[in-house]
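Notes for the one structure printed next.
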Amino acid sequence: MLNKNKIFSQREVNVIPDVSKALSWLEAHPDALKGICRGIERETLRVKPDGHLATSGHPESLGSALKHDWITTDFAETLLEFITPVDQDIDHLLLFLRDIHRHVARELGEERMWPFSMPCIIDDADEIQLAQYGSSNIGRMKTLYRQGLKNRYGALMQTISGVHYNFSLPLSFWQEWADVKDKESGKETISAGYLRLIRNYYRFGWVIPYLFGASPAINDSFLQGREVKLPFETDGKGMLWLPYATSLRLSDLGYTNKSQSGLGITFNSLEEYVRALKAAIKTPSEEYAALGTKDVAGNWIQLNTNVLQIENELYAPIRPKRVTRSGEAPSDALLRGGIEYIEVRSLDINPFSATGVDADQVRFLDLFLIWCTLADAPEMSAEELLCSRKNWNRVVLEGRKPGQVIAVGCEEAQHSLVEVGKTLFADLRRVAEVLDSNQGSTQYQQVCDQLVASFDDPELTYSARILQAIKDNGLNGTGIALAEQYRHLLNEEPLEVLTEEDFARQARESLAAQKSLEESDTLDFEAYLASREG
């Protein structure tokens, strides 16, 4: 028995960084975690009562998708995106998000919000209308960018929905942890800290789709006759699934751009990251050059023929971010002020929540992201980044498979996913105790105790629970039922932190701002695009 324990502890040391000193420091400095900032962006397709894609335009009563602070669109007119302001209070953050859902549910009439990440039945990709932002140059450019995405990757892929979680640690943390004096003089140190977080996220972030992945199945209309090598099972009625999958959204069926894998974008220093990102938007692509920038009729079909049209086209499960100034590129903002926050992009829509995300997920992400900041994170080569993708692929395609293993870096050594997960949670629980001590509660610890059980019993994961439901009632049937249930619930609930006048004012002011922008444009569109290229 003693030998077994010795072997197990050695495997723990190999696969999980030793964070004991950092955790002891954190326990001695609990105030360093007071003031965490968070924000949420949730995407959802508008659908008809029968679960098919809505064909109506973005409701004007919601305001301008170009200029509204909280309600916009993503790729398509039917793909809503809700954005919360930055918030330090989890309950208030989620109530704000719920108020947006409540208001929109009332404005949509008979339409519903699709409760899954993978799209509803879309028989013809031509049904998908690109998001429209008006006649201003910036509005036209946003639509053209989406036209480029459609031509490069197909419109169906772009209708996949997710939840993005924005997270930043308070200045007090960096002052205590890294002896930073203020944000400006400490921006390099803070940026290095967030890059450390990102490297650990790539190594261990597969835990997010394991726990919260909720897209183990798709409608066969998503493939549009495309052949895939995955061993799907089917009900013969248009539903395809993998028995141990967690998040097909994060698989090669979802967001992929093979030409991006050779870009060599790493996260070892901010300067390296920005340099590689800037190179990518200047690197010509033979494949996209063959498309050209205009069709035979002279209509624009993409912004340019480079590997990335703009920086946001880089598909990544996590991004370093800073709020940009008007006309500023994201990478220039990072160079100017350093990393301000990180954006987690690996969350599927939570089908068990009317708002697509819940407090347990937010608290888990807090714990995990803090752990990623504290844990040692050696530099990662581009090769190791690709190796880490293999772990993610294992988890998204067959994460619940009995005996599933995880590799470390590019090593051949394999470790039990269950052992790695439970070892990680032992650390997370110590972080949870610190956060709970600040709030006089046990909520973070409760989340740890609840979620760690998913490693011994994979049937507790979101993917297993939703797979059982859709096997019983069909993918479309389950989606329709949940969409109707949430529509009714949200319609009945009163607003709690916002008012109808708040939404009416946002709608009015956003429409007026868009109109003003359209009236003030002095350049024609071609000259505008040329000025941005310059």
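Rule-based calculations on the coordinates, nothing more; no lab input. Here the structure is a predicted model, which is why all the values come from computation and not from measurement. Here the Cβ positions follow ideal geometry from the backbone for every residue, glycine too, while neighbour counts run over all protein chains shown.
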**Prompt:** What Cys residues in the chain have no fellow cysteine's beta-carbon under 4.7 angstrom?
**Reply:** 37, 120, 372, 448
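Within a Cβ distance under 13 Å of residue 102, other residues only, what is the Lys/Arg minus Asp/Glu net charge?
Result for the local shell: -4.
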**Prompt:** What does the highest-first list of 113-123, 77-87 look like by mean Cβ count within 10 Å?
**Reply:** 113-123, 77-87
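What is the extension gain from residue 499 to residue 18, computed as 0.36 nm multiplied by their sequence separation minus the C-alpha to C-alpha distance, in nm to one decimal?
Extra length available between residue 499 and residue 18 comes to 168.3 nm.
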**Message:** Straight-line reach from residue 422: which lysines fall under 25 Å, measuring Cα to Cα and dropping same-chain residues less than 8 apart?
**Reply:** 4, 6, 21, 390, 401
**Complete:** Which residues qualify? For residue 78, with a placed amide H closer than 5 Å and at least 5 residues away or on another chain, they are 129
**Prompt:** Near residue 464, within a Cβ-to-Cβ distance under 15 Å, what is the net charge of the other residues, with Lys and Arg +1 and Asp and Glu -1?
**Reply:** -3
**Message:** Please list, in order along region 282-295, the HN-Hα scalar couplings obtained from phi with the Karplus expression 6.51 cos²θ - 1.76 cosθ + 1.60 (θ = phi - 60°), rounded to whole Hz, x for Gly and Pro.
**Reply:** 10, 7, x, 10, 4, 4, 7, 5, 5, 6, x, 9, 9, 7
**Request:** Just order 175-187, 64-76 by mean Cβ neighbour count inside 10 Å, highest at the front, would you?
**Result:** 64-76, 175-187
**Request:** For residue 282, go through the lysines and keep the ones whose alpha-carbon is under 22 Å away, minus same-chain ones fewer than eight residues off.
**Result:** 142, 150, 258, 294, 321
**Asked** Ordered by packing density, taken as the mean number of other Cβ atoms within 10 Å over each peptide's residues, highest first, how do 285-297, 139-151 rank?
**Response** 139-151, 285-297
**Asked** Out of [x] 1.24; [y] 1.16; [z] 0.96, which label holds the value of Cα Rg over 2.2 N^0.38 Å that was computed here?
**Response** [z]
**Request:** Under 15 Å from the Cβ of residue 476, count the other residues' Cβ atoms, weight Lys and Arg +1, Asp and Glu -1, and hand me the total.
**Result:** -2
**Complete:** Restricting to lysines and to Cα separations under 23 Å from residue 237, and discarding same-chain partners fewer than 8 apart, the set is 48, 229, 471
